[in-house]
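What follows is a short report on a single structure.
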Amino acid sequence: MCLGIPGRIVAIDDRADPADPVLGTVDFAGLRRSVCLDFTPAAGIGDYVIVHVGFAISQIDEAEAAKTLAVLDAIPDVWETELGPEAAT
Amino acid sequence: MKYLDEYRDPALAVKLLAELHATATRPWAVMEVCGGQTHTLVRQGIDELLPAGIRMIHGPGCPVCVTPLEVIDKALAIAARPEVIFTSYGDMLRVPGSAGDLLGVRARGGDVRVVYTPLDAVRIARQHPDREVVFFAVGFETTAPANAMAVRYAADAGIGNFSVLVSHVLVPPAITALLDAPDNQVQGFLAAGHVCAVMGWTEYEPIAARYRVPIVVTGFEPLDLLEGILMAVRQLEQGRSEVENQYARAVRRTGNTAAQEVVRRVFRVTERNWRGIGPIPTSGLALAAEFSAYDADTRFATTGVRTEENPDCIAGAILRGTKLPTDCAAYGTRCTPRTPLGAPMVSAEGTCAAFHNSGRRPAPSTVEEIG
């Protein structure tokens, strides 16, 4: 659960209450997950972030995201571990 | 998921390797701390391409591997309770405790659920006010902010049926403990890039200065690792001991301050027992007093759990970097990813699993074996 996966923010949700977490939708190579964006307040739609256990922790550029994804792809079970069982290919 | 070609630049790799060969004039031992980095090194065979004498020691940077046995046993005891919905990251489910694992608890009727974020556990608690929802909060600095935030949200929302079994570990004190060990062989470190994305590298600076060890913040792609190793070896050859950042694209010196802030608020630093290594002062996080009501350990009174490690497993020596998986008599026979004796064979980030998945075999030790 510790590797982190880069993905692209495709939506940021409206919040009912300002105390609620800032949630958005992040696209991981076609698989979409709800992600908390509280730790990357400067990241907007279209930006790439590294996501750990459902939280974006760092913003990166697209080219670096692609490189990191390719390496992760070579690690067995990493998608399933990081994104849930339906991410298994 | 294979929508990208694997990122490789052979020309650059050859250049980095050539420079490494030109730089290294004597033997050096460098530890990569992160399990993801171990996986890349072993899978790509990078450790076998290095100049003779440059040795990579595989460190304890696998959160699944270092979670202590007594915490696994507590998780098993809590998960077996009928009123509990036990939630966890998926890679903790097959970690063997003294008697079985969380998958076994689920097979016997326990309500054990995999979540990919701790916020899902909070949502489950909201959906099931008649049940107790427990989240297994493990990991290094990378997962601590998320788990802290889940506790804070539950507290803010007044969700009383949510609690966390906390076993967080911190990297810098573990590095210090390894350097203090009488059998330490490590002369330089590759620090885990994503841990530093959260914590930055300021905590490493006094360690590098005090122990005179280079520490290079490094990513986990093959070229990252080659460059990180080169930077560490260059420092060793020049007699320097600084913190350098190879992973500048994702890591800044001060890290992610918003993430650090929630960790400081929800957790407090404590001594933590590392599986296979033992207790390390100030190397863990526990809930701060303000959030103690969310502590599953006290809520379910798990004291008195008796632990029993498998005597055939040499996980401790693996995690300290003093032995290789292939040194273990059980490796690949009685211990495989399908039938793990210890945590380093369970986790995708574990050294034993990295060796096994890459087909590493023990060196023949007898004439008969050599054949």
Filter pass, residue B:269 being at pLDDT 95 or above, in a loop (DSSP other than H, G, I, E, B) and touching a strand residue (DSSP E or B) at 6+ places or on another chain (Cβ under 7 Å): no
Among residues belonging to the range B:320-354 that are assigned to a loop (DSSP other than H, G, I, E, B) and β-branched (Val, Ile, Thr), point out the one that is least open to solvent (accessible area, probe 1.4 Å). B:336
Do we have residue B:232 as closer than 20 Å to residue B:37 by Cα and within 13 Å of chain A (Cβ to nearest Cβ) here? no
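Quick grid of which residues meet (1) more than 11 Å from every other protein chain (Cβ to nearest Cβ); (2) of a type in the set (Val, Ile, Thr); (3) under 19 Å from residue B:290 (Cβ atoms):
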| residue | (1), (2), (3) |
| --- | --- |
| B:137 | no, no, yes |
| B:141 | no, no, no |
| B:147 | no, no, yes |
| B:156 | no, no, yes |
| B:167 | yes, no, no |
| B:173 | yes, no, no |
Name every residue in the range B:287-319 that is assigned to a helix (DSSP H, G or I) and of a type outside the set (D, E, K, R), in order of residue number. B:289, B:291, B:292, B:293, B:294, B:296, B:298, B:315, B:316, B:317, B:318, B:319
Name the single residue that is farthest from residue A:54 (Cα to Cα) among those in the range B:105-124 being touching a residue at least 12 places away in the same chain (Cβ under 8 Å) and more than 14 Å from chain A (Cβ to nearest Cβ). B:108
Pairs, please: C-beta under 6 Å, at least 6 apart or cross-chain, first residue under 16 Å from residue B:19 (Cα atoms) and touching a residue at least 40 places away in the same chain (Cβ under 8 Å) and in the range B:34-54, second open to solvent by 10 Å² or more (accessible area, probe 1.4 Å) and not in a helix (DSSP H, G or I)? B:54/B:24; B:54/B:28
Identify the residue in the range B:122-180 that is open to solvent by 10 Å² or more (accessible area, probe 1.4 Å) and in a strand (DSSP E or B) and, among all such residues, is farthest from residue B:267 (Cα to Cα). B:132
Can you spot a residue in the range B:247-262 that is assigned to a strand (DSSP E or B) and not small (Gly, Ala, Ser)? no
Looking at the range B:1-91, what helices (runs of 4 or more DSSP H) fall wholly within it and have at least 2 residues that are under 30 Å from residue B:130 (Cα atoms) and within 11 Å of another protein chain (Cβ to nearest Cβ)? none
Restricting to the range A:1-51, name every residue that is facing chain B (nearest Cβ under 8 Å), in a loop (DSSP other than H, G, I, E, B), of a type in the set (A, V, I, L, M, F, W, C) and closer than 16 Å to residue A:61 by Cα. A:29
So the check is Cβ under 7 Å with 6+ separation or different chains; which pairs have a first residue in the range B:158-182 that's closer than 14 Å to residue B:31 by Cα and a second one that's assigned to a loop (DSSP other than H, G, I, E, B) and among the polar types (S, T, N, Q)? B:178/B:184
Criterion first (open to solvent by 40 Å² or more (accessible area, probe 1.4 Å), over 30 Å from residue B:168 (Cα atoms) and modelled with pLDDT of 95 or more) does residue B:27 satisfy it? yes
Selection status of residue B:62, within 21 Å of residue B:174 (Cβ to Cβ), open to solvent by 10 Å² or more (accessible area, probe 1.4 Å) and touching a residue at least 40 places away in the same chain (Cβ under 8 Å): no
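Given B:307, B:322, B:336, B:351, which one is touching a residue at least 40 places away in the same chain (Cβ under 8 Å) and within 14 Å of chain A (Cβ to nearest Cβ)?
Numbers: B:307 fails: within 14 Å of chain A (Cβ to nearest Cβ); B:322 fails: within 14 Å of chain A (Cβ to nearest Cβ); B:336 fails: touching a residue at least 40 places away in the same chain (Cβ under 8 Å).
None of the others qualify; the one that does is B:351.
The values are calculated or read from the model by the stated rules, or taken from the named source; none is laboratory data. Everything numeric here is computed off the predicted structure, so don't read it as measured data. Neighbour counts are summed over all protein chains in view; Cβ atoms, including those assigned to glycine, are modelled from backbone coordinates with ideal geometry. Side chains are part of the model used for accessible areas, which takes the heavy atoms of the whole protein and leaves out ligands, DNA and RNA. Shrake-Rupley method; radii C 1.70, N 1.55, O 1.52, S 1.80 Å.
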